[in-house]
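Asker: Structure provided below as structure tokens; questions to follow.
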Amino acid sequence: MSRRTRRTAPATGAARPTITVCRGCCCGTPKIPGLDHTAQLRDLRQAVDGAATVRVTNCLDACERANVIVVQPSTAGRKAGGRPVWLGLVNDPDATTDITTWVQGGGPGLAEPPGILDLYAFQPSRRVRHELED
């Protein structure tokens with residue numbers, strides 16, 4: 001797994017949800033034409049500022065589903081039963097907006113995701129999930 005960076009440290013109190021954005025070999029590259037990847041990341045960070053931590057990783061090894069975003073629950077969300085949600089083919093600004101709206105409401109375990117996100121959700125292999133959690 002590659003290096004990951006966090007934009008800001010979580011605020012005091014309960015940890016915020018974390019949004020991991022893949023920007024590896026296929027995600028975030030011209031292989032997905034017609035999408036401004038820089039704007040997608042910028043808009044995501046601006047929309048969830050204060051509500052979540054956004055981090056970028058090199059590759060989540062789910063290239064066939066580029067662009068991949070993983071929404072991990074906050075501490076409270078995990079205690080409420082929330083688990084990481086993997087979203088693939090996030091190549092539409094409306095999908096990014098749906099993700100940010102959900103995270104602003106609390107994210108996994110605390111808020112129901114908009115129904116449309118069911119179309120983007122998928123289960124990666126155990127190996128890939130384990131690498132993200134390390």
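Where a number appears in this text, it was derived from the coordinates with a stated rule and is not lab data. Note that the structure is a prediction, hence the values are computed from the model and not measured. A quick note on method: Cβ atoms are made from the backbone with ideal geometry, for glycine too, and the neighbour counts reach across all protein chains shown.
Asker: Under a 5 Å amide H to amide H cut-off, with H placed in plane at 1.01 Å, what residues pair with Cys59 once short-range neighbours are removed?
Answerer: For Cys59, the qualifying residues are Ser2, Arg23.
Asker: A further question on this structure: Would you mind calculating the relative contact order of the stretch 17-133 from Cα pairs under 8 angstrom and at least 6 residues apart, reporting the percent as a whole number?
Answerer: Normalised by residue count, the contact order of the stretch 17-133 is 29 percent.
Asker: Sort Leu117, Leu44 so that the residue with the fewest other Cβ atoms within 10 Å of its own Cβ comes first and the one with the most comes last.
Answerer: Neighbour counts put them in this order, fewest first: Leu117, Leu44.
Asker: Under the Karplus relation 6.51 cos²θ - 1.76 cosθ + 1.60, θ = phi - 60°, what is the ordered set of whole-Hz ³J(HN,Hα) values for the stretch 115-126, x standing for Gly and Pro?
Answerer: Once θ is set to phi - 60°, the couplings for the stretch 115-126 become x, 4, 5, 4, 5, 9, 6, 8, 10, x, 5, 4 Hz.
Asker: May I ask you to order 21-29, 87-95 by the average number of other C-beta atoms within 10 Å around their residues, highest value first?
Answerer: Highest mean packing first, the order is 21-29, 87-95.
Asker: Let me ask something additional. Going by average Cβ density within 10 Å per residue, which order do the peptides 118-124, 59-65, 96-102 take, highest to lowest?
Answerer: Averaged packing, sorted descending, gives the order 96-102, 59-65, 118-124.
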